[in-house]
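J.: Please find one structure pasted underneath; my questions will follow.
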Amino acid sequence: MVPPKLPGLVLPGSIIKLHSSDERGNMTDRLAWIDEELKNLKETGFYNSIRTLGSPQGSHLVVDGKQVLNFCSNNYLGLANHPRLVEAVNAATKRLGVGPGAVRSIAGTMDLHIELERRMAAFKGVESSVVLQSGFVANSASIPVLAGKEDAILSDELNHASIIDGSRLSGAKIIRFKHADPQALEDAIKAAQSQYRRLLMITDGVFSMDGDIAPLDQLVEICERYGVMSMVDDAHGEGVVGKGGRGIVDHFGLHGRLDLEVGTFSKAFGVAGGVVAGKAKISDLLKQRSRAFLFSSAMTVPNAAANLAAVDLLEESTALVDRLWGNARFFQAEMRKLGFDTGVTQTPITPVMLGDVQLAREFSRQLYDAGVFAMALGFPTVPQGKARIRVMLSAAHSQQDLENCLDAFEQVGKRLNVI
Ligand SMILES: *Cc1c(COP(=O)(O)O)cnc(C)c1O
């Protein structure tokens, strides 16, 4: 119900009744719509109940006081509580304190940020990188630098929310193309080419709901052919795919062919922060134009130090990445043997396709009772009728953890007639 705009206006009785006044004659229920909205979310099953952790991220978690096996987090390599990262934070905070005290362009750029940018550029095999506060921020910081009102963005229809928001912020026309479909991209380019000043193609590298990989080699080839700028968000690819976790560009051997890569330090790197990597001139322009760079304070000292230690670990050895993939291959093969449908995944993200959202929720509840924490995902996070449990594997899991998880899936799957 719309609240009356003018006090004193003569309103129909039904509307007046909705608005009680306090002793000063002010409307007291202008937030009543929020109660309605929350009630509606709860009644339709879309209300998000957020669990509280009482332990570090690891193979096990204490969730709301209960110890469970963790198959929910993006801590792919087990770095979120790694002693090397913790040590690096302690050393850095002793030297530099905690807060950056300013935005990057005023007095917030520390040697630590520059070092992290240099190391990330080297890790990714690109000219340059810029570190930002989060992966979400990295998209809203970079997309408006590359595209504006006269331009169009060609966006995979399943792109992450932060790509969509960054694209909206740019003011460019957003043209969605069919998921992971190079022909659809080419058709969209042909139709849009003459109508816009410039075109920018953006895709996730690894799609977080299904675990599938964008056909980046084909997408990039088309972009090159038509002179379209290209950008990939590699949040779930870094630390996971490519040589030693060097990401999607390395996975396809596309070095130097993408204009921009966005990444996050919050997933495989186990910490927090975002990164934009690519051509030096894009970094240069981003530092001049990006509102998130110019108007939001720099990454904190502990964050930057922990991220640097994560890069060190990734460059020293591929052991953690290898272990992650070993765990993923074992788990996925065993799940298929049990008769579960693990969808189209090509990565350690393991969707267990159940279809019905109520079934997925009940499945997740029963797993939880059995000590396994794995999330049910339903509409609108995934399409209607494609509800699933998403199992996130990690190098932190032991063989025993995986077997315990498989046992729980087998028991619940049989009980609920899924297998
Ligand atoms: C998680 C994710 C982000 C956001 O990263 P944060 O560092 O958590 O803000 C951005 N893009 C994609 C594709 C993601 O999966």
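Only the coordinates and a few stated rules stand behind these numbers; no lab work does. Note that the structure is a prediction, hence the values are computed from the model and not measured. Every residue, glycine among them, receives a Cβ derived from its backbone with ideal geometry; neighbour counts consider all protein chains shown.
J.: Out of 359, 41, 132, any idea which swings most in a Gaussian network model of the chain, alpha carbons joined below 10 Å?
T.: Greatest mean-square fluctuation among the candidates belongs to 41.
J.: Okay, moving on. Counting only chymotrypsin sites (Phe, Trp or Tyr not before Pro) that sit in a DSSP loop (anything but H, G, I, E, B) with at most 14 other Cβ atoms within 10 Å, what is the longest stretch of the chain containing none of them?
T.: Here the longest segment lacking exposed loop sites spans 48-419.
J.: If the viscosity is 0.692 mPa s and the temperature 37 °C, what Stokes-Einstein diffusion coefficient in µm²/s follows for the range 305-386 when Rh is the Kirkwood radius over Cα pairs?
T.: It comes out at roughly 219 µm²/s.
J.: Oh, and also: Over the range 14-101, what is the relative contact order in percent, taking alpha-carbon pairs closer than 8 angstrom and at least six residues apart? Spell out each step's value before the answer.
T.: Working: 57 pairs, mean separation 11.4, N = 88.
Taking the mean separation of contacting Cα pairs over the length of the range 14-101, I get 13 percent.
J.: If you don't mind, there's one more thing I want to ask. Hey, what did the range 311-390 get for relative contact order, percent, Cα under 8 Å, at least 6 apart?
T.: Values: 96 pairs, mean separation 19.3, N = 80.
It comes to 24 percent, rounded to a whole number.
J.: Right, next: Which of the listed residues, 45, 141, 342, is farthest toward the dipole's positive end in the chain, when Lys, Arg count +1 and Asp, Glu count -1 at the beta-carbon?
T.: Farthest along the dipole direction, towards plus: 141.
J.: Mind giving me the FRET efficiency for residue 87 and residue 62? R0 is 22 Å, r the Cβ-Cβ distance, nearest 0.05 is fine.
T.: Numbers: r = 24 Å, r/R0 = 1.07.
In this case the efficiency is close to 0.40.
J.: What are the lysines whose alpha-carbon lies under 18 Å from the alpha-carbon of residue 124, with same-chain residues fewer than 8 places away excluded?
T.: Cα-Cα hits under 18 Å: 243, 267, 279, 281.
J.: About the Cα centre, and with charges only on the beta carbon of Lys, Arg (+1) and Asp, Glu (-1), how big is the dipole of the chain? Nearest 20 debye, please.
T.: Roughly 700 debye for the chain.
J.: Let's see if you can work this out: charge +1 on each Lys and Arg Cβ, -1 on each Asp and Glu Cβ, no other charges. What is the dipole magnitude of the range 87-128 about its Cα centre, in debye to the nearest 20?
T.: Values: 6 positive and 5 negative charges, 11 e Å.
Rounded to the nearest 20 debye, it is 60 debye.
J.: If you don't mind, another one. Volume per residue, Å³, of the convex hull around the alpha-carbon atoms of the range 181-268?
T.: Residue-normalised Cα hull volume stands at 95 Å³.
J.: In whole Hz, with x marking every Gly and Pro, tabulate ³J(HN,Hα) for the range 367-384 from phi via Karplus 6.51 cos²θ - 1.76 cosθ + 1.60, θ = phi - 60°.
T.: So the Karplus estimates, Gly and Pro as x, are 4, 4, 4, 7, x, 10, 9, 9, 7, 8, 10, x, 4, x, 5, 10, x, 4 Hz.
J.: Most mobile of 211, 65, 45 per a Gaussian network model of the chain (Cα springs, under 10 Å)?
T.: The residue with the greatest mean-square fluctuation here is 45.
J.: Okay, moving on. State the answer as a single residue: which of 367, 266, 180 lies farthest towards the positive end of the charge dipole of the chain, with beta carbon charges of +1 for Lys and Arg and -1 for Asp and Glu, about the Cα centre.
T.: The listed residue farthest towards the positive side: 266.
J.: Taking the Cβ of residue 188 as the center, what net charge do the other residues with Cβ under 13 Å away carry, scoring Lys and Arg +1 and Asp and Glu -1?
T.: Working: positive: 173, 176, 178, 190; negative: 156, 157, 181, 186, 187.
Value of the local net charge: -1.
J.: Excluding residues on the same chain fewer than 8 positions from residue 386, give the lysines whose Cα lies under 22 Å from its Cα.
T.: 42, 178, 337, 414
J.: Let me ask something else about it. Only bridges whose two residues both fall in the chain count here: according to DSSP, what percent of them are antiparallel, nearest 5?
T.: Bridges in the chain that DSSP calls antiparallel: roughly 60 percent.
J.: Oh, and also: Over the chain, what is the relative contact order in whole percent, taking alpha-carbon pairs under 8 Å and six or more residues apart?
T.: 20
J.: Based solely on C-alpha atoms, express the radius of gyration and the Dmax of the chain in angstrom.
T.: 23.8, 74
J.: Still on this structure: How big is the Cα convex hull of the range 255-307 in projection, averaged over all directions, in nm²?
T.: 4.3
J.: For the chain, which span is the longest to avoid every loop-located (per DSSP) member of GluC sites (Glu not before Pro) having at most 12 other Cβ atoms inside 10 Å?
T.: Details: sites that count: 23, 150, 157.
That gives 158-419 as the longest site-free run.
J.: Residue separation times 0.36 nm, minus the C-alpha to C-alpha distance between residue 379 and residue 27: what's the value? Intermediate results must be reported in sequence, preceding the final value.
T.: Working: separation 352, 0.36 × 352 = 126.72 nm, distance 3.68 nm.
123.0 nm is the gain from fully extending residue 379 to residue 27.
J.: Ok, one more. Given the rule -39500 (n - 2.57) for each run of at least 4 DSSP H residues, summed and divided by the residues of the chain, what is its mean residue ellipticity at 222 nm, to the nearest 500 deg cm²/dmol?
T.: -13000 deg cm²/dmol
J.: A further question follows. Please list the non-local residues whose amide H lies under 5 Å from the amide H of residue 29, H modeled 1.01 Å from N, same-chain partners needing a gap of 5 or more.
T.: 20
J.: If you take the charge dipole of the chain about its Cα centre, with +1 on Lys and Arg Cβ and -1 on Asp and Glu Cβ, which of 126, 163, 101 is farthest toward its positive end?
T.: Highest projection toward the positive end goes to 101.
J.: Can you work out the FRET efficiency for the pair residue 176 and residue 226, with r the C-beta to C-beta distance and R0 = 22 Å, to the nearest 0.05? Before the final figure, lay out each step's value.
T.: On the way: r = 18 Å, r/R0 = 0.80.
Once rounded, the FRET efficiency stands at 0.80.
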